[in-house]
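Read through the structure below, which is laid out as structure tokens, and then see the notes.
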Amino acid sequence: ESIKTVLRSPENRILIKRMLIKCADISNPCRPIEQCIEWAGRISEEYFAQTDEERKQGLPVVMPVFDRNTCSIPKSQLSFIDYFIIDMFDAWDAFADLPNLMEHLNNNIKYWKGLDGRNLRVLRPPPE
């Protein structure tokens, strides 16, 4: 009933639509682990290329953490999750009940923490 009350207001409907778009845009940590890893790699490579190009052209480096020689992908993922994802998706889950997304998020946090705890900077652990 409270959701119906919230949805009656045109302003609230617009806000919810904006939240949905933003959540969809940054939802990678809420995907199944294999998709999360794949897209974390693609996004990281995009940022590495940007940093490489900025250095090549003598421009200020916008994201120095994305130096491909020193970046820890697990640390970058955990920082992104801590800064943007957790609070946003906790709130969204409280509103819309999204247990699958939250389970993926928790699994992905454990995965990245596991790599970080082993001081690995890569997407996947080395073969045993």
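We did not get these values from a lab; they are worked out from the coordinates using the rules stated. All figures in this text were calculated on a predicted structure; none of them were measured in a lab. Every residue, glycine as well, gets a Cβ built from its backbone with ideal geometry; the counts of neighbours run over all protein chains shown.
Compute the length gained on full extension between Q50 and K75: take 0.36 nm times their separation in residues and subtract their Cα-Cα distance, giving the result in nm to one decimal. It would help to have the intermediate numbers written out before the result.
On the way: separation 25, 0.36 × 25 = 9.00 nm, distance 1.89 nm.
Length gained, Q50 through K75: 7.1 nm.
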- Note on the structure: The answer for the net charge of residues other than E11 whose Cβ lies under 14 angstrom from its Cβ, with Lys and Arg +1 and Asp and Glu -1, is +4
- Most fluctuating residue given options I73, I43, I33, as computed from a GNM of the chain linking Cα atoms under 10 Å: I43
- Message: Run the helix sum for the chain: -39,500 (n - 2.57) per DSSP H stretch of 4+ residues, divided by residue count, reported at 222 nm to the nearest 500 deg cm²/dmol.
- Response: -21500 deg cm²/dmol
- Prolate/oblate/rounded call for the stretch 3-117, Cα gyration tensor, a/c under 1.5 rounded: oblate
- Item | About the Cα centre, charge dipole magnitude for the stretch 3-117 (Lys/Arg +1, Asp/Glu -1 at Cβ), debye | 360 debye
- 28 Å Cα cut-off, lysine pairs counted over the stretch 3-117 (separation 8 or more, or different chains): 8
- Item | Cβ-based net charge around L101, under 12 Å, with every Lys or Arg adding one and every Asp or Glu removing one | -3
- I3 versus F84: modelled label distance in nm, points set 7 Å from Cα along the beta carbon direction: 2.6 nm
- Message: For the pair N12/A91, report the inter-label distance in nm, with labels modelled 7 Å from Cα in the Cβ direction.
- Response: 1.5 nm
- Task: Within the set of other residues whose C-beta is less than 12 Å from the C-beta of Y47, count the net charge using Lys and Arg as +1 and Asp and Glu as -1.
- Result: -4
